[in-house]
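Novice: Input: one structure, supplied below.
Since every read-out is calculated from the coordinates, none of them should be taken as a lab result. Just so we're clear, the structure is a prediction, and the values are computed from it rather than from any experiment. Here the Cβ is made from the backbone with ideal geometry for all residues, glycine too, and neighbour counts use every protein chain on show.
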Amino acid sequence: MLLDLPAQMRTFRHILLLLLALPAWATIPVPSSKPDPSLLRNTPPVQKRDPARAGLFLNRGIKLVGDQKYEAALDQFRRAAACEPANAAIYINLAYCLDKLGRFEQALTELQTAETYDPKNVMLFINWGNTLINLRKFEDALLPLKKACDLEATNALVRLNLAAVYANLQRPADAVKELEIAASADPKNLQILLNLAQLHSALNHPAAAMEQYKRILELDPKNVAAYLNYAALLERAGKLDAAIEVIKAACAALPDNATLRDLLAKFVDAQRRRLPTVTAPPP
């Protein structure tokens with residue numbers, strides 16, 4: 001998760017100096033006479049803490065992330081770190097870019113640095129968990145995500161990530177529990193509701209899954225996935241008439257969707273074939 005916290009940067013109380021590395025040739029004996037001006041010009045200056053300049057680099061990096069230019073964003077975040085080395089938000093953003101570039105181990109190193117400056121940062125541990133998930137280290141991902149949960153129990157994003165871990169660890173009951181907490185914390189989050197519906201469906205809880213699809217459609221009447229999955233559950237339960245009504249509603253909301261029109265035609269044809277043939281009485 002990208003962290004945009006320029007306001008927090010101004011509240012940092014850590015005061016550190018970052019010394020730029022001097023080249024080997026810069027080790028010069030102190031002369032007895034006046035120093036040569038050319039030597040002074042070639043000596044790198046000491047970089048002082050500069051939160052305002054760090055904020056400038058941080059904002060540039062965040063804009064580049066928005067454009068998915070992660071390598072360029074890394075350069076800006078590193079410049080920000082040189083100006084404000086004790087700002088955990090900068091290292092979290094560095095880790096985010098490294099994760100996006102598939103450099104997961106480097107991302108974890110940046111997150112470890114961030115933890116030294118802000119060990120109670122929820123987003124730090126969410127990103128840590130995400131990176132371990134990307135490495136498919138699901139058991140390891142539980143530790144940072146539980147730390148995030150301890151810091152902010154009602155954080156829906158933490159619960160969503162925990163659910164993903166439990167699902168991959170073949171612990172579906174735990175995954176459902178986390179998703180239900182997430183849905184309570186953020187009842188209009190379509191991603192959470194969709195995941196909860198799909199998990200209920202996979203666990204053969206059709207009624208619970210259909211209830212979630214109805215909630216999704218109340219929030220988003222043009223959600224194609226919800227219409228299709230809801231109708232499929234109804235059809236599977238032998239409620240073809242109800243499935244047809246759902247797809248009709250979907251076609252009304254999305255009249256240009258060819259997939260919905262084709263599915264409606266198939267359902268109507270199936271309904272017609274299931275109806276008993278009516279024989280007219282003899283004259």
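Novice: When Lys and Arg each count +1 and Asp and Glu each count -1, what net charge do the other residues less than 14 Å away from Val165, Cβ to Cβ, add up to?
Specialist: +3
Novice: Which trypsin sites (Lys or Arg not before Pro) in the stretch 121-220 pass both tests, a DSSP loop state and at most 12 other beta-carbon atoms within 10 Å?
Specialist: Qualifying residues, ordered by number: Arg136, Lys188.
Novice: Let me ask you something else. Distance cut-off 30 Å, Cα to Cα: go down the list Lys137/Lys239; Lys177/Lys248; Lys100/Lys146; Lys100/Lys214; Lys137/Lys214; Lys120/Lys177 and report the pairs above it.
Specialist: Lys137/Lys239; Lys177/Lys248; Lys100/Lys214; Lys137/Lys214
Novice: Cα atoms only: what Rg and Dmax, in Å, come out for the stretch 200-267?
Specialist: 11.2, 33
Novice: Could you rank the peptides 79-90, 237-248, 191-202 by their average count of other C-beta atoms within 10 Å per residue, with the highest value first?
Specialist: Per-residue Cβ counts within 10 Å, averaged per peptide and sorted highest first, yield 79-90, 191-202, 237-248.
Novice: Please give, to one decimal in nm, the separation of the simple spin-label points placed at Lys146 and Lys188, each 7 Å out from Cα toward the Cβ.
Specialist: 3.4
Novice: What does the charge add up to near Lys177, with Lys and Arg as +1, Asp and Glu as -1, over the other residues with Cβ less than 15 Å from its Cβ?
Specialist: Net of charged neighbours comes to 0.
Novice: Here's a follow-up. Based on the Cα gyration tensor of the stretch 120-186, what are the three equivalent ellipsoid semi-axes, each the root of five times an eigenvalue, rounded to whole Å and given largest first?
Specialist: Largest first, the stretch 120-186 gives 16, 16, 8 Å.
Novice: Moving to a separate point now. What aspartates and glutamates does Lys147 reach when the alpha-carbon gap must be under 16 Å and sequence neighbours fewer than 8 apart in one chain are set aside?
Specialist: Qualifying aspartates and glutamates at Cα under 16 Å: Glu115, Asp118, Glu139, Glu178.
Novice: How many angstrom lie between the Cα centre of the stretch 158-191 and the Cα centre of the stretch 201-250?
Specialist: One Cα centre to the other: 20 Å.
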